[in-house]
Amino acid sequence: MNEPVSLTELYALLLESYGKQGWWPVVSRKNEPGFDSRGYHPGIKISLNDRERWEIAVGAILTQNTAWVNVEKALQGLSERSLGSPRAVLTASPETVALAIRPSGYYNQKTLRLKRFADFYQSLKGRVPARDELLALSGIGPETADSMLLYAWQQPFFVVDAYTIRILRRIGFTDDCFSLKQPSKRYDYVQHFITSRFESLQKVTQYQEFHALYVRHAKEHCGSKARCDECPLEARCRKML
């Protein structure tokens with residue numbers, strides 16, 4: 001495949017255009033020195049306490065099929081009801097949890113997932129879960145599992161989402177993956193495609209930034225309908241799709 005731009009160059013172009021994104025938001029750290037007003041991390045590998053790690057993992061479940069602004073409302077709802085720990089979620093009634101996370105949508109379904117995950121989280125007793133363990137949990141697919149591993153446990157798993165696939169395909173990288181009918185195989189293909197080409201991007205913080213930059217670029221220019229005016233990748237894009 002004739003690659004129009006290297007992935008390391010793509011990373012550099014996006015970083016130059018948008019700056020560090022500081023993803024994942026740690027809502028409980030808002031206004032803390034070293035974090036911006038939204039609670040985003042400062043682009044360095046930070047030390048998370050157990051409450052923050054739990055919050056990030058919960059956010060990865062709540063963000064399924066909704067915008068982050070709704071997740072923040074749901075996290076705030078959990079905090080206001082003293083449901084900021086796995087034990088609290090487990091002991092609360094399903095109705096109480098559902099009411100707290102209502103802004104995130106699919107709240108009854110997500111309540112069940114949170115309770116199952118809370119039980120699993122407690123069973124870890126502080127250790128880092130294996131990816132297969134997360135994928136074995138109902139309602140947790142590759143994107144959610146890798147989000148938890150990358151951001152909550154700071155392990156080098158690149159997160160692939162619809163934005164990533166769309167941008168790479170338009171640039172001309174990943175047409176081959178669309179011959180794969182199963183979404184899980186498509187996910188694995190794109191993840192391997194990226195990680196195998198990034199010997200210089202093995203650090204957790206760089207994986208975090210690259211994933212966040214794809215999201216930012218998709219929202220600014222590369223949505224379902226491309227907005228190519230002033231796009232930082234316009235000169236290198238094949239405008240596929």
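The values are calculated or read from the model by the stated rules, or taken from the named source; none is laboratory data. Everything numeric here is computed off the predicted structure, so don't read it as measured data. Heads up, the Cβs are rebuilt from the backbone with ideal geometry, glycines too, and the neighbour counts pull from every protein chain shown. Quick note on the areas: whole protein, heavy atoms, side chains included, nothing else; ligands and nucleic acids left out. Shrake-Rupley method; radii C 1.70, N 1.55, O 1.52, S 1.80 Å.
Numbers for the structure displayed
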item: Condition broken by E80, with the remaining ones in (1) within 22 Å of the chain's Cα centre (by Cα); (2) over 20 Å from S138 (Cα atoms) satisfied; result: (1)
item: The one condition in (1) open to solvent by 60 Å² or more (accessible area, probe 1.4 Å); (2) within 30 Å of V5 (Cβ to Cβ); (3) in a loop (DSSP other than H, G, I, E, B) that Q154 fails to fulfil; result: (1)
item: Residues located in segment 113-130, provided they are of a type outside the set (S, T, Y) and surrounded by fewer than 15 Cβ atoms within 10 Å (Cβ to Cβ); result: D119, Q122, L124, K125, G126, R127, V128, A130
item: Selection within segment 127-151 - touching a Pro at 6+ places or on another chain (Cβ under 9 Å) and in contact (Cβ under 8 Å) with a residue 40 or more places away in the chain; result: G141, P142, M148, L150
item: Qualifying positions in segment 117-138 - assigned to a loop (DSSP other than H, G, I, E, B) and not small (G, A, S); result: K125, R127, V128, P129, L137
item: Residue match in segment 83-95 (condition: within 26 Å of R116 (Cβ to Cβ), hydroxyl-bearing (S, T, Y) and surrounded by 16 or more Cβ atoms within 10 Å (Cβ to Cβ)); result: yes
item: Filter result for K115 (at pLDDT 95 or above, within 28 Å of E209 (Cβ to Cβ), among the charged types (D, E, K, R) and in contact with a Leu (Cβ under 7 Å, 6 or more places away or on another chain)); result: no
item: Top-ranked residue of segment 1-41 - restricted to ones that are modelled with pLDDT under 80 and closer than 30 Å to H192 by Cβ, ranked as surrounded by the fewest Cβ atoms within 10 Å (Cβ to Cβ); result: N2
item: Matching residues, segment 67-82, being surrounded by fewer than 18 Cβ atoms within 10 Å (Cβ to Cβ) and in contact with a Gly (Cβ under 7 Å, 6 or more places away or on another chain); result: N70
item: Residue match in segment 52-70 (condition: more than 22 Å from G141 (Cα to Cα) and out of contact with any Phe, Trp or Tyr (no Cβ under 8 Å at 6 or more places or on another chain)); result: no
item: Odd one out for K45 among (1) crowded, with 18+ Cβ neighbours inside 10 Å; (2) in contact (Cβ under 8 Å) with a residue 24 or more places away in the chain; (3) of a type in the set (K, R); (4) farther than 19 Å from L134 by Cβ; result: (1)
item: Qualifying residue in segment 108-117 (condition: more than 18 Å from Y151 (Cα to Cα), without any contact (Cβ under 8 Å) to a residue 24 or more places away in the chain and touching a helix residue (DSSP H, G or I) at 6+ places or on another chain (Cβ under 9 Å)); result: yes
item: Lone qualifier among R238, R170 - being part of a helix (DSSP H, G or I), at pLDDT below 90, over 23 Å from G59 (Cβ atoms) and basic (K, R); result: R170
